[in-house]
């Protein structure tokens, strides 16, 4: 076995008895356990029971010279995958191990699909006909067939995960898992376990072995959203994987190889983060092999009507192609908005309108109330001479503040930006005035 298993392409740990096997299971996780029934110190069935307790994903194949219905039933009852009677042919064992590998692959796919359903993922199609989105499509079509690490850049809400899924769907890995994680959405203490997995007892609360997302995504694509939020310690571990293809579970001593294509995304400026010591320079060079820049929605306003109709179909599945989805005034209002929250903001607005409008086209009164206030801006706004974009922006902010008697929360609501963003813009004004 020690000679033939490596020849078949397997890494094998040889144990002379059941107690040694149980100790090995405590230290590392294995895909398959080949176990005899009669062994000194600990029987094969006891070893299988211990393996299932430590790592439910480990499959067990019983090899025994005592062929009987009773022993077969006992082994299967304790979770054995299959049962071979000595003497057996190596070809029979190889066939069983191939079935174990197939089951594991199906398990990984199932878990990935379950994650996708939980996230209620939609189509990976990039909606719009603007030159900007056409360029994104062309870039994705170039990088998708390769195994290169891709970096997707863009403001929050521009659809970076959608672009990552498009990369996966157009790649040879399309039939394998696509797994996404937001690097800024988990506490620093948990992100290593989430990415790389852990063995039972590795830390407080680790009651069982757990597969990490790298392992779940084996053969497919792992999407690391907001890579700029990844802690420095995890940046080093990610760099090691990108260079070697190896990962190591928390609490284990041995590394193993996984075949995962990594796609990253961020809304932050990684070069500035490197200069400030917040991001590893070597990792930045490693992940930006191929960059895809997603344009903000305000730079492709011509796509707003198409996007709005596509989003409305989520809430009105029965919407037919020839149905009038939006009144002309509603489309005009949507096209005049600056969309600081990009496509995500548009989706929220369409959902709001769909809730208010039971049937028929979306009218202006179905849009959020802040849009009604904003429609008064064009009549009050006057362009004076040659003004920069910042000067125009500040002029609009001042007009809205005056209309609300300095009430910043109401002004932010009318402007369609967060209160924090409004304060940041006002602080920029104060800084410029002081420097002047």
In segment 242-283, the residues that are in a helix (DSSP H, G or I) and either farther than 28 Å from residue 23 by Cβ or not assigned by TED's automatic domain parsing to the domain that holds residue 193 (or both) = 242, 243, 270, 271, 272, 273, 274, 275, 281, 282, 283
Scope segment 168-187; condition assigned to a helix (DSSP H, G or I) and within 13 Å of the chain's Cα centre (by Cα); matching residues = 168
Any idea which of (1) at pLDDT 90 or above; (2) surrounded by fewer than 20 Cβ atoms within 10 Å (Cβ to Cβ) is the one residue 34 doesn't satisfy?
-> (2)
Looking at 228, 219, 201, which is the one that is closer than 22 Å to residue 149 by Cβ and part of a loop (DSSP other than H, G, I, E, B)?
-> 219
Scope segment 124-147; condition in a loop (DSSP other than H, G, I, E, B), within 19 Å of the chain's Cα centre (by Cα) and crowded, with 16+ Cβ neighbours inside 10 Å; matching residues = 124, 126, 144
Note: among 344, 286, just one is in the same structural domain as residue 146 (by TED's automatic domain parsing), within 28 Å of the chain's Cα centre (by Cα) and touching a residue at least 60 places away in the same chain (Cβ under 8 Å), namely 286
Residues that are touching a strand residue (DSSP E or B) at 6+ places or on another chain (Cβ under 6 Å) and exposed (fewer than 14 other Cβ atoms within 10 Å of the Cβ), drawn from segment 256-292 | 257, 291
Counting only residues in segment 315-334 that are touching a helix residue (DSSP H, G or I) at 6+ places or on another chain (Cβ under 8 Å) and at pLDDT below 90, the one surrounded by the most Cβ atoms within 10 Å (Cβ to Cβ) is identified as 325
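The values are calculated or read from the model by the stated rules, or taken from the named source; none is laboratory data. Keep in mind that what you see is a predicted model, and the values were worked out from it rather than measured. Counting neighbours? That spans all protein chains shown, and the Cβs are built from the backbone with ideal geometry, glycine included.
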